[in-house]
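Visitor: Handing you a structure now.
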Amino acid sequence: MVRAIGSPRRVCVLSVHTSPLEQPGTGDAGGMNVYIEQTAVRMARRGVAVEIFTRATSSDQPPTVELAPGVQVRHVAAGPYEDLGKTELPSQMCAFTAGVLRTEARHEPDHYDVIHSHYWLSGQAGWLARDRWRVPLVHSAHTLAKVKNAALADGDQPEPRSRVIGEEQVVAEADRLVSNTDTEAEQLITLYDADQARTVTIPPGVDLHLYTPGDRAAARRSLDLPEDAVVLAFIGRIQPLKAPDVLLHAAAELLAATAAGEGAAAARALRERLVVLVVGGPSGSGLAEPTALRELAVSLGLTGVARFLPPMRREGLVDVYRAADLVAVPSHNESFGLVALEAQACGTPVVAASVGGLPVAVADGRSGLLVHGHAAADWAGALASVALRPEYREKLSAGAVEHAQRFSWERTTDALLATYADAGLEFRGRGARAG
């Protein structure tokens, strides 16, 4: 496909702390990785070359990997190859930025037309590259320290002041700030004094060709789940921020409430059918206690009910979404919630915390339910109303598919390219006036 008039020829994408080649659901890889990969591939299909810079984490990684035709991932040596926590990465920003600048210096002038940085660390590198290359900087925060610190989960560490200052600097310097929702845009404006005229809202998307409704029975067979099981699924990184423990507490409360309301026999019958499916790996502060969630399941009496699976590729997740009666997204903070969109595109209702971008990703009462707070009783009631009421679940399932159709990576990519073009036009105009 030929690129549209005004679109950049070549985009430099910066993703310091995680690579789109990494498996989402483990380490620091998650929705941001999916976002970068999906939009980069679609830009390339429109005739725009994309080069993604990320920190090398192994000496075995080649300097450059082709992610897809027209999309190159460049591994920049910055610090020791072994994994470094995000709190340690600021010390390597000079080395990373130098590697990016050296790569560009090997090309003819004006090699890149725009820089798109993801997460505040990348924004720091993008800020310097923007001034050196004289091209606009577009920045996506994905998460904001001030917002995260206002809604910390138990056991989570607050984001350091150095990150807050770094975010404030990037917000002040970026030519465009891309937010996932209007709520995030408002947070940038009110908490970080962002320029409203430079702040745009572009919702993420979902692969509507891959994530589709399908044969539930076949999906359950592929996962070795009973056909009559009541399946509550969690998909994501296992860390306090994502709150998979909320789902376990709610499942235990659901069984207790059934026993209290309908009797021990009813509770035993539900327990025999109930499956709490957790798909993901330890991440962030969850790495300090990698077995804590499994131990919690045992202490709550969910042995045999809770099942744990490692992170899966996108094709494998389709079966998980189709097999589940609902997908729970109980996060304490979520800039958007791609898992919620993927589940709904497969026709699976979502029960989500009413935080961050989730009220946009989930249509409350039409494609799923939003829960205020994280109390086990409230979550148990919401889970029961969806999972144990087939007619209501079918209604939500139809609404979930309809709601997901409002989002696609094609629309996200079109909006990003338009934003790049606007930022470039304004940037060149400022340069001409300054000259």
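Visitor: If Lys and Arg each add +1 and Asp and Glu each add -1, what is the summed charge of the other residues whose beta carbon sits under 14 Å from the beta carbon of H111?
Guide: +3
Visitor: Determine the gain in length on full extension of the stretch A266-S59; use 0.36 nm per residue of separation and subtract their C-alpha separation, reporting nm with one decimal.
Guide: Full extension of this stretch gives 68.9 nm more.
Visitor: For the stretch 171-227, what number results from the quotient of the Cα radius of gyration and 2.2 N^0.38 Å?
Guide: That ratio works out to 1.96.
Visitor: Here's a follow-up. Mind pulling up the Rg/Rh value for the stretch 46-110? Radius of gyration and Kirkwood radius, both on Cα.
Guide: 1.00
Visitor: With each label point set 7 Å from Cα along the Cα-Cβ vector, what nm distance links A98 and A377?
Guide: Roughly 6.0 nm, to one decimal.
Visitor: Sequence neighbours fewer than 8 away in the same chain don't count; with that in mind, list the aspartates and glutamates whose C-alpha is under 14 Å from K242.
Guide: D28, D154, D156, E334
Visitor: On alpha carbon coordinates alone, what is the Rg over Rh value for the stretch 69-209, Rh being the Kirkwood radius?
Guide: 0.98
Visitor: Roughly how tilted is helix 376-387, in degrees to the nearest 10 and between 0 and 90, from the longest Cα axis of the chain?
Guide: So the helix axis and the longest Cα principal axis differ by about 80 degrees.
Visitor: A further question on this structure: Would you pull out the residues with amide H under 5 Å of A56's amide H, same chain only if 5 or more places away, H placed 1.01 Å from N?
Guide: Distant-sequence amide H within range of A56: V76, A77, A78.
Visitor: If you don't mind, there's one more thing I want to ask. If you build the convex hull over the alpha carbons only and average its shadow over all orientations, what do you get for the stretch 1-155? Give it in nm² to one decimal.
Guide: The number I arrive at for the stretch 1-155 is 10.0 nm².
Visitor: Just to verify a number: FRET efficiency for A172 and R45, C-beta to C-beta distance, R0 = 45 Å, to 0.05?
Guide: Rounded to the nearest 0.05, the efficiency is 0.85.
Visitor: OK, next. Order 62-73, 366-377 from most to least packed using the mean count of other Cβ atoms within 10 Å.
Guide: Ranking, from highest mean packing down: 366-377, 62-73.
Visitor: Based only on Cα atoms, what Rg/Rh ratio does the chain have, Rh being taken as Kirkwood's radius?
Guide: 0.99
Visitor: Any chance you could give the angle, 0 to 90 degrees and rounded to 10, that helix 264-273 forms with the longest Cα principal axis of the chain?
Guide: 40 degrees
Visitor: Same structure, new question: How far apart, in nanometres, would the label points at R132 and A151 be if each is projected 7 angstrom from Cα along the Cα-to-Cβ direction?
Guide: About 3.7 nm separates the two model spin labels.
Throughout, read-outs are computed from the coordinates displayed, never taken from laboratory work. Predicted, not measured: the structure shown is a model, and the values here were computed from it. Because the Cβ atoms are built from the backbone with ideal geometry, glycine has one as well, and the counts that use them run over all protein chains shown.
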